[in-house]
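To start, the structure under review is shown below, and the notes come after it.
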Amino acid sequence: MSKQEANIYEIAREAGVSIATVSRVMNHSTTVSEKNTRRVLEAVKKLNYVPNIAARSLSTSTSTSVGVVIPDINNPFFSQLLQGITLAADEMGLNIFLFGTNESSEREHKVLDSMREHRLRGIIITPVSAQDNETLQRLHNFEALGIPVVLLDREVDSSAFDRVVTADEEGVFLAINELIRIGHRKIAIITGPEASRPGRERLRGYCRAFEENGLPLREDYIRKGDFMVDCAYEQTLELCKLPDPPTAIFASNNMTTYGCLKAFGELGLQLGEDIALFGFDDIEELNWLNYNVSVVSRDVPEMGEQAMRHLMRRFETEERPEQGTRTCLSTELILRGSERMPLFAAREK
């Protein structure tokens, strides 16, 4: 193999260590064991590896900064994630650099490219899409430089990274089951993006609940959303104007819930009286305003804390298996009354 062909991935594979360990050896870190140092140096010699000087200048051994990349800085869900991230970061003596992508893959690529200019010790990211090869390659490049990556809430189509997620499918399955239990049969859903893991998982939970209860799915009740208010608003208006409208709508995230409520207000519909609503993720502000929306809830700050703890383990551990660690937090139903059968539907039964 020529000098140009050899890279840090091949060195790690040949030595049987993680790419982070190779990076530490290349940067003369004293935290690597003598055994692993010897393995890396032998692999370097065998493969005629010449480290890239520019890459070595990005050494993060003394950095105290972590980059956090989120798709929507206006979404309260991500504010709660940041609460957990910053709490854990403070305990670890780390600083946070926040980057937003506005749910744009193109913007995400630019953000990740610009992050190479920062001396980051690690990265936590909620990727826009699970199937974006350009983002995936950039994340692999960070790992190759010894900058560990942790995925938060959403994933990419690779098992190489640590990730923190929640039981999205199970949460929605339980919510739809509850709606069916109290008598709903005309249940619509406004989904999330198909390219995101939460979008796919939540739709899967909806479909599974119908299947296991022996009920047919209605295609006109499955509406494509994008986790944004405006799209949810438009889809809710269309659902409510159907000749045979649903008695309940499941909103696949908190911004979708806002869009539904905006449409209900415009149409003069009252929750639990004219139409039922079940959302994913609690919205504290709605509770203050007595909207009483039933939700699939999860400990969002804990997700952020867990992501930081994954990073800390990566900082402190030389070895890392080829497959990353996946932490999945549970969800729970909070019933506040918005799931009730509408009065007109109850009278018709």
Subject >> When region 54-180 is reduced to its Cα atoms, the Kirkwood hydrodynamic radius in Å >> reply: 15.6 Å
Subject >> Degrees, to the nearest 10: 300-316 long Cα axis against longest axis of the chain >> reply: 10 degrees
Original post:
In nm, to one decimal, how far is the SER65 label point from the ASP90 one, both placed 7 Å along Cα→Cβ?
Top reply: 2.1 nm
Subject >> Listed residue pairs exceeding 27 Å between alpha carbons, taken from LYS46/LYS110; LYS110/LYS262; LYS186/LYS262 >> reply: LYS46/LYS110; LYS110/LYS262
Original post:
Where is the GNM fluctuation largest for the chain (alpha-carbon springs, 10 angstrom cutoff): GLY324, GLY67, GLY268?
Top reply: GLY268
Original post:
Given the rule -39500 (n - 2.57) for each run of at least 4 DSSP H residues, summed and divided by the residues of the chain, what is its mean residue ellipticity at 222 nm, to the nearest 500 deg cm²/dmol?
Top reply: -13500 deg cm²/dmol
Subject >> Solvent-free Debye scattering, log10 I(q)/I(0), computed from the Cα coordinates of region 151-196 at q = 0.27, 0.31 Å⁻¹ >> reply: -1.05, -1.18
Subject >> Acute angle (nearest 10 degrees) that the helix 133-144 long axis makes with the longest principal axis of the chain, alpha-carbon atoms >> reply: 40 degrees
Original post:
Can you give the accessible area of SER297 in Å² (nearest 10), computed on protein heavy atoms with a 1.4 Å probe?
Top reply: 20 Å²
Original post:
From the Cα gyration tensor of region 225-292, with a ≥ b ≥ c the square roots of its eigenvalues, which class applies: rounded if a/c is under 1.5, or else prolate if a/b is larger than b/c, or else oblate?
Top reply: oblate
Subject >> Long-range HN-HN contacts of SER18 with modeled amide H, under 5 Å >> reply: ARG320
Original post:
For region 177-284, which trypsin sites (Lys or Arg not before Pro) are both in a DSSP coil and crowded by at most 11 other Cβ atoms within 10 Å?
Top reply: LYS241
Subject >> Table column - 3J(HN,Hα) (Hz), region 276-282, Karplus curve with 6.51, -1.76, 1.60, x for Gly and Pro >> reply: 9, 9, 10, x, 10, 5, 6
**OP:** May I ask you to evaluate 6.51 cos²θ - 1.76 cosθ + 1.60, the Karplus curve with θ = phi - 60°, for each residue of region 182-193 and list the ³J(HN,Hα) values in order in whole Hz, giving x for glycine and proline?
**Re:** 8, x, 5, 10, 9, 10, 9, 9, 9, 7, x, x
Subject >> region 77-151: proportion of alpha-carbon pairs further apart than 17 angstrom, % >> reply: 46 percent
Subject >> Accessible surface ranking that places the most exposed of ASP157, ASP244, ASP90 first, with a 1.4 angstrom probe >> reply: ASP90, ASP157, ASP244
Original post:
Which one of PRO216, PRO198, PRO245 has the biggest mean-square fluctuation once the chain is modelled by GNM with Cα springs under 10 Å?
Top reply: PRO216
Original post:
Beyond 24 Å, what share of the Cα-Cα pairs of region 182-304 remains, rounded to the nearest whole percent?
Top reply: 22 percent
**OP:** Could you look at the chain and say what percent of its accessible area is carbon and sulfur, using a 1.4 Å probe and all protein chains?
**Re:** 48 percent
Subject >> C-alpha long axis of helix 76-92 to longest principal axis of the chain, angle in ° >> reply: 30 degrees
Original post:
Mean 1/r over all different Cα pairs, inverted: what Kirkwood radius does the chain give, in Å?
Top reply: 21.9 Å
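The values are calculated or read from the model by the stated rules, or taken from the named source; none is laboratory data. Computed from a predicted model, the values in this text were never measured in an experiment. As a convention, Cβ positions derive from the backbone with ideal geometry for all residues, glycine included, and neighbour counts pool all protein chains shown. Protein only, heavy atoms only, side chains kept; ligands, DNA and RNA dropped before computing areas. Shrake-Rupley method; radii C 1.70, N 1.55, O 1.52, S 1.80 Å.
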